[in-house]
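Student: Okay, here's the structure, questions in a sec.
Read the figures in this text as sums done on the coordinates, not as results from a lab. Everything numeric in this text was worked out from a predicted model, so none of it was measured. Here Cβ is always computed from backbone atoms with ideal geometry, including for glycine, and neighbour counts include all displayed protein chains.
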Amino acid sequence: VIIVMAVQPEPNAYLIDRYLVATENLHADGLILLNKMDLAENESILTRLRDEYEKLGYPVLPTSISDAGSMHNLHQRLNHKTSILVGLSGVGKSALIKTLLPGQNIRVGEVSAASGEGTHTTTGSILYHLPEGGDIIDSPGVRDFGLWNTTADDVIYGFVELRNHAGHCKFSDCKHDIEPGCAIKDAFADGEISEQRFKNYKKIIQEYTN
Ligand code: GDP
Ligand code: ZN
């Protein structure tokens, strides 16, 4: 899962963490792309993303469609794999694909997916073949890559630094809220998850689970 962010508009950490929860629950590998690097006045946004996410195992790749070297790096990452580009409209997903696959009418077909209601719907996503092998899917919006039927356990699983603490709370039915001996809160107190990620964890629990 290629999570596409851009220098402008600035990356949204809550959105990144939401995508990562979905990515982990798909048992896919996550990669964070910082596109439109040509618009960056300095490397501060890139550095911040790297500090937060690379230690968790998510590579952060700077790209610009006008920088052939960065496009080559991206291409190398995509070869022989099936990837999906996700991210807000305007971050450059279509432009990245056009740059990666120039001058070809490589539109292969629409991707359909099971919705939360159990029916198959057209997502508007497009799948392209890469010449060297591998496929890339352009997904049009956040809603198509959402968190359906997410449980609190799924959310904890989606935060790799919290995952190993699950099941170690004093109470087996711990809601990780006000209970004493909560391993999730202890993990935060011990600095095992950053303040920003913990804030997003709580927000996702609030917004996506009952
Ligand atoms: P999508 O909605 O994510 O598919 O975004 P688009 O591919 O339509 O790109 C949105 C706008 O950003 C277009 O005007 C692109 O030309 C521009 N864009 C995409 N990538 C870059 C980049 O690396 N640098 C700059 N400066 N503009 C870019
Ligand atoms: Zn707990």
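Student: If only Cα atoms are counted, what is the Rg of the chain, and what is its Dmax, in Å?
Tutor: In Å, with Rg to one decimal and Dmax whole: 18.3, 61.
Student: Let me ask something else. Which order do Arg163, Arg197 fall in if you start with the one that has the fewest other Cβ atoms within 10 Å? Please list the in-between numbers first.
Tutor: On the way: Arg163 14, Arg197 23.
Lowest count first: Arg163, Arg197.
Student: Given the options His27, Pro11, Gly57, identify the residue whose Cα lies farthest towards the positive end of the charge dipole of region 1-60 (+1 on Cβ of Lys, Arg; -1 on Cβ of Asp, Glu).
Tutor: With unit charges placed on the Cβ atoms, the residue in question is His27.
Student: Let me know the whole percent of all Cα-Cα pairs from region 158-210 that are separated by more than 15 Å.
Tutor: Details: 611 of 1378 pairs.
Result: 44 percent of Cα pairs exceed 15 Å.
Student: How big is the charge dipole of the chain about its Cα centre, in debye rounded to the nearest 20, if each Lys and Arg gets +1 on its Cβ and each Asp and Glu gets -1 on its Cβ?
Tutor: On the way: 19 positive and 28 negative charges, 59 e Å.
That gives a dipole near 280 debye.
Student: Where nothing but the Cβ of Lys and Arg (+1) and of Asp and Glu (-1) is charged, how large is the charge dipole of region 125-210 around its Cα centre, in debye to the nearest 20? List each step's numbers first, then the result.
Tutor: On the way: 9 positive and 15 negative charges, 64 e Å.
The dipole magnitude comes to about 300 debye.
Student: Using Cβ counts within 10 Å as a stand-in for footprinting exposure, how do Met71, Met37, Met5 rank, fewest first? Working shown, then result.
Tutor: On the way: Met71 17, Met37 20, Met5 24.
Arranged by neighbour count, lowest to highest, Met71, Met37, Met5 become Met71, Met37, Met5.
Student: Modelling each spin label as a point 7 Å along the Cα-to-Cβ direction, I'd like the Ala95/Thr47 distance in nm, to one decimal.
Tutor: Roughly 2.5 nm, to one decimal.
Student: Which of the listed residues, Ser83, Leu100, Phe198, is farthest toward the dipole's positive end in the chain, when Lys, Arg count +1 and Asp, Glu count -1 at the beta-carbon?
Tutor: Leu100
Student: Any chance you could count the Lys pairs in the chain whose alpha carbons are under 28 Å apart, treating pairs 8 or more apart or on different chains as valid?
Tutor: 27
Student: For Asn210 and Ala68, what is the calculated FRET efficiency with R₀ set at 41 Å and r taken between the beta-carbons, to the nearest 0.05?
Tutor: On the way: r = 49 Å, r/R0 = 1.18.
FRET efficiency, Asn210 to Ala68: 0.25.
Student: Restricting to Cα pairs below 8 Å that are 6+ residues apart, what does the relative contact order work out to for the chain? Please round to a whole percent.
Tutor: On the way: 324 pairs, mean separation 42.5, N = 210.
Reported relative contact order: 20 percent.
Student: Sort Ile156, Ile126 by Cβ crowding within 10 Å, fewest neighbours at the top. Don't skip to the answer; put the middle values down first.
Tutor: Values: Ile156 21, Ile126 18.
Lowest to highest Cβ neighbour count: Ile126, Ile156.
Student: Along the charge dipole of region 160-210, which of Ala189, His168, Thr209 sits closest to the positive end, that is, farthest toward it, with unit charges on the beta carbon of Lys, Arg, Asp and Glu (+1, +1, -1, -1)?
Tutor: Thr209
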